[in-house]
Every structure is written in C-alpha cells, then in structure tokens.
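Below you'll find the structure, written out as structure tokens, and then a few comments.
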Amino acid sequence: MIKFSDPSLTHLSRYLWADKTVHGLAALEKTAVSLGTQIKLLAYPVSLDYLPVSGGVEDIATNAPLSADRLLAQILYSFDLLSILLLYAAQAIDLRVQKNKMLRLSSSALNLYSRIRDKVGFIEADRSLSTDLSVINQLITNWDRNCH
C-alpha cells in the first residue's frame, strides 16, 4: 500500500490523488499501519503465558479461549486491512487506465475490480472513506454469497 503511494515506483500521483483531491488516500496509511501492528500483537502466543491450575496439580493451561478470541480478532482486522488494500488497488487501476486506455486486467483481477467498482466509485474528490471501506469489507467477508 505504501508503494502504491510512491510516484517513483508507480508513476501515479502521490497517495493516488485525483485532480480534485487534496489528501487522496494518505490518511489510510495510518489506519493500515495500525491494523498491521494490531495483527502482529495478536499473534503473540498466549499459550506460553500460563499459570499452574487445578490447585497446582496441572501446570499446563493452553489459554485456548483467549487464543481463539485473538485469532478471530486477527481475521477481522485482516479483512479491514484487505479492504484498504483493495480500495488502493481499484484507485490505482483507474488512474493507470486514465494514462493508458489500452491497459487490460486478467479475468480474475477484472472480476474483483468490477465487483468493487459496482459498489464503490472512483475517488475524484476528498471524502470520508469509512462507508467505502465498510462496503468493500462486506463484499469480501460475504464473497461466497455475493458471487452467486
């Protein structure tokens, strides 16, 4: 995502700005980095942090419920992060097509791009992206249902 925002790598505008934007997708970098950090912190193995249980008789406790809760949180944060990445990708595709009308996507990429753009439009002017990200998140978390 950070590479998407780097004109020296993409030859696109910084933060995938459109002509009428001031901020583009810049603010989402902070959110994405925060989500990535949360996912990493949740990966810490809680099974290593235990105390003797059953009156000191059993010295192994897996903390399985906590591990399961953390795994679920990682999955949910991952969908949030993926939603940001997909918004970046769709915006980059649109900007690239503006520069090169001959650009063609693979059928798989076109399918995903089209599903996103059916729900979330090109970011021509600065706006809150919360709703867009929520819509993309719903699209990918319900992918099987949305594809049929």
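The values are calculated or read from the model by the stated rules, or taken from the named source; none is laboratory data. Predicted model, so just to flag it, every value in this text is computed and none were measured. All Cβ positions, even for glycine, are placed from backbone atoms using ideal geometry, and neighbour counts span all protein chains on display.
Structure notes:
- Residue check for Ser78: modelled with pLDDT of 95 or more and farther than 23 Å from Thr31 by Cα: no
- Scanning segment 89-123 for residues that are under 26 Å from Thr141 (Cα atoms) and not aromatic (Phe, Trp, Tyr) yields a count of 23.
- Listed by first and then second residue, the pairs with beta-carbon distance under 7 Å, at least 6 apart or on different chains, first residue in segment 4-26 and within 11 Å of Ala92 (Cβ to Cβ) and of a type in the set (Asp, Glu), second at pLDDT below 90 and in a helix (DSSP H, G or I), form an empty list.
- Check on Ala68, under 24 Å from Thr141 (Cβ atoms), without any contact (Cβ under 8 Å) to a residue 40 or more places away in the chain and either in a loop (DSSP other than H, G, I, E, B) or hydrophobic (A, V, I, L, M, F, W, C) (or both): yes
- Within segment 85-114, tally of residues that are part of a helix (DSSP H, G or I), among the aliphatic types (A, V, I, L, M) and more than 18 Å from the chain's Cα centre (by Cα): 3
- For segment 7-22, a residue qualifies if it is exposed (fewer than 13 other Cβ atoms within 10 Å of the Cβ) and either of a type in the set (D, E, K, R) or within 19 Å of Ser34 (Cα to Cα) (or both), and the qualifying residues are Asp19, Lys20.
- Members of segment 47-77 that are out of contact with any helix residue (DSSP H, G or I) (no Cβ under 7 Å at 6 or more places or on another chain), surrounded by 10 or more Cβ atoms within 10 Å (Cβ to Cβ) and among the hydroxyl-bearing types (Ser, Thr, Tyr): Tyr50
- Scanning segment 110-123 turns up no residue that is of a type outside the set (Asp, Glu), at pLDDT 95 or above and under 23 Å from Gln38 (Cβ atoms).
- When segment 115-140 is limited to residues that are assigned to a loop (DSSP other than H, G, I, E, B) and more than 19 Å from Glu29 (Cβ to Cβ), the one that is farthest from the chain's Cα centre (by Cα) turns out to be Glu124.
- Lys99 vs. criteria modelled with pLDDT under 95, closer than 30 Å to Thr10 by Cβ and basic (Lys, Arg): yes
- Residue list for segment 23-43, restricted to those being charged (D, E, K, R) and surrounded by 15 or more Cβ atoms within 10 Å (Cβ to Cβ): Glu29
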